[in-house]
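Chemist: Quick one: this structure, given as structure tokens, is what I'll be asking you about.
The values are calculated or read from the model by the stated rules, or taken from the named source; none is laboratory data. Treat the numbers as computed from the prediction; the structure is a model and nothing was measured. So basically every Cβ, Gly included, is an ideal-geometry build from the backbone, and we count neighbours across all protein chains shown.
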Amino acid sequence: MNRILVFGGAALGCFFLALCAIFLVRPLFRTRGIVTVVSILPRSGPDQAWSDPIVQGIKLAIDEHGNAAGWCKVRYEDWDYADSIDKVVAPETSLKRTAMRAVADRDVFAVIGPFDPAAAKVIVPILHEARLLCVSPGEADPSTPRPAGHVNYFRVAARTDVLGTAAAERAHKLGAKRVFVLRDGERPSPDSAEVFCREAEKLGLRVVGGESLGTLSDAALRGAILKLQPDLVYFSGMSARRFGALAEDLDLGGYTGNFMLSERAMSVSFINKAGRAAQRTCVVFGVEAPSDGFERKYRERFDVTPGILAYYGYLAGHAVMEALENADARDRDVIRASCARLPYFDAQGDLAPGSLKGGVVWGRQFVPE
């Protein structure tokens, strides 16, 4: 009888301890279990062609962290903010609705996006009020307004004015004397052309002409450039494929000078279209050029060679994951502040001067500064 009582008491004690463990551990998993990271980008219509690589870059970065940030698991969700497939920038009402959706979801602790300056002007203030971390994978307009107070908006792409200045300095080092400047006529986003022209002239270069892709026929544009005889053609936009075709036409037409791109136009589509002209092309990077390891992993995962947009997504994904890891807290403001302490960003949330190496690319070979 005593042995039965002892056995029963021991079993009851074990059951009680197990029950206590369940109730003590369950809150821990509930408060430090899964956090959600969302991207806010146009994901339908013609804009999907350039947002796809960004999303793929984000996925690769999160995968490299094992879909976890040390203290929590990370769930990534790809959100579309576009209402209409025939508009480059989604309507303001759609942008506001998507940003407010992120704020209302208490499991969302970081937003990756937007890409357009116009979208940033709508989304960032809403996320700022909620102290919700926002990392842009490519928005680079120096005039984008920042809300006063704490910093919640960070950009992994160099500002276009920084790229314009760097390109002018590189053109001067290359010995260029006469420059023709091409803008991007397809996307209404700021580029580095204006800053490039101003800084190039300060350095003694002569800007002999300028045009936007699409305003003239390809034949007329080629003729205009050849007639002016520049020794450098600088393209400040993002339509790499079209500029690549023009570069090949110029090369076949007898142009012997060099070409220059900002990092925002560097892609395999340019190299494929430009043909022999790609070997005389300089690409100025405001961020550290993608490594062979990144390109290999991206090709293995998505069966395509990545361009700069994929790399922007990759950098934004890594910044968010590092912020989460260092925060070690399920708190939006703590995570935001954690991102502000990363060495890549300055006090305004832009790339810190000198934090990432720039350089040039001739053909496919990256040459650091």
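Chemist: Among the residues of segment 221-239, which ones are under 26 Å from Val268 (Cα atoms) and among the charged types (D, E, K, R)?
Modeler: Correct list: Arg222, Asp231.
Chemist: Determine if segment 330-339 includes at least one residue that is outside any helix (DSSP H, G or I) and either of a type in the set (Lys, Arg) or at pLDDT below 95 (or both).
Modeler: Among the residues of segment 330-339, at least one is outside any helix (DSSP H, G or I) and either of a type in the set (Lys, Arg) or at pLDDT below 95 (or both), which makes the answer yes.
Chemist: If you go through segment 213-245, how many residues are charged (D, E, K, R) and crowded, with 21+ Cβ neighbours inside 10 Å?
Modeler: Within segment 213-245, residues that are charged (D, E, K, R) and crowded, with 21+ Cβ neighbours inside 10 Å number 1.
Chemist: For residues in segment 304-323 being not small (Gly, Ala, Ser) and not in a helix (DSSP H, G or I), which is surrounded by the most Cβ atoms within 10 Å (Cβ to Cβ)?
Modeler: Pro306
Chemist: Could you go through segment 10-26 and let me know if any residue there is surrounded by 12 or more Cβ atoms within 10 Å (Cβ to Cβ), over 18 Å from the mean Cα position of the chain (by Cα) and modelled with pLDDT under 90.
Modeler: Scanning segment 10-26, I find no residue that is surrounded by 12 or more Cβ atoms within 10 Å (Cβ to Cβ), over 18 Å from the mean Cα position of the chain (by Cα) and modelled with pLDDT under 90, so the answer is no.
Chemist: Here's a follow-up. Could you check segment 93-142 and list, in sequence order, the residues that are part of a loop (DSSP other than H, G, I, E, B) and under 19 Å from the mean Cα position of the chain (by Cα)?
Modeler: Listed by number, the residues that qualify are Gly113, Pro114, Phe115, Asp116, Leu132, Pro137, Gly138, Glu139, Ala140, Asp141, Pro142.
Rundown of residues vs (1) more than 26 Å from the chain's Cα centre (by Cα); (2) assigned by TED's automatic domain parsing to the domain that holds Gly307; (3) of a type in the set (Ser, Thr, Tyr), yes/no style:
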| site | (1), (2), (3) |
| --- | --- |
| Pro147 | no, yes, no |
| Gly164 | no, no, no |
| Ala167 | no, no, no |
| Ala171 | no, no, no |
| Leu182 | no, no, no |
| Gly204 | yes, no, no |
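Chemist: Mind listing whichever residues of segment 198-221 are of a type in the set (A, V, I, L, M) and at pLDDT 95 or above?
Modeler: Ala200, Leu203, Leu205, Val207, Val208, listed by residue number.
Chemist: Going through Lys297, Lys273 one at a time, which residue ends up being farther than 30 Å from Ala148 by Cα, among the basic types (Lys, Arg), in a helix (DSSP H, G or I) and touching a residue at least 60 places away in the same chain (Cβ under 8 Å)?
Modeler: Selected residue: Lys297, the only one of Lys297, Lys273 that is farther than 30 Å from Ala148 by Cα, among the basic types (Lys, Arg), in a helix (DSSP H, G or I) and touching a residue at least 60 places away in the same chain (Cβ under 8 Å).
Chemist: Take the residues in segment 210-256 that are assigned to a loop (DSSP other than H, G, I, E, B) and among the hydroxyl-bearing types (Ser, Thr, Tyr), then tell me which one is nearest to Thr160 (Cα to Cα).
Modeler: Ser236
Chemist: Taking Ile58, is it modelled with pLDDT of 85 or more, touching a Pro at 6+ places or on another chain (Cβ under 6 Å), assigned by TED's automatic domain parsing to the domain that holds Pro117 and surrounded by 17 or more Cβ atoms within 10 Å (Cβ to Cβ)?
Modeler: no
Chemist: Right, something else. Working carefully through the options Tyr81, Tyr153, find the one that is buried (at least 21 other Cβ atoms within 10 Å of the Cβ) and at pLDDT 95 or above.
Modeler: Matching residue, one of Tyr81, Tyr153: Tyr153.
Chemist: Considering each of Arg222, Arg198, Arg241 in turn, give the residue that is out of contact with any strand residue (DSSP E or B) (no Cβ under 6 Å at 6 or more places or on another chain), under 30 Å from Ala319 (Cβ atoms) and not assigned by TED's automatic domain parsing to the domain that holds Ser51.
Modeler: Matching residue, one of Arg222, Arg198, Arg241: Arg241.
Chemist: Taking the stated definitions as given, is Glu248 surrounded by fewer than 22 Cβ atoms within 10 Å (Cβ to Cβ) and either without any contact (Cβ under 8 Å) to a residue 60 or more places away in the chain or touching a His at 6+ places or on another chain (Cβ under 8 Å) (or both)?
Modeler: yes
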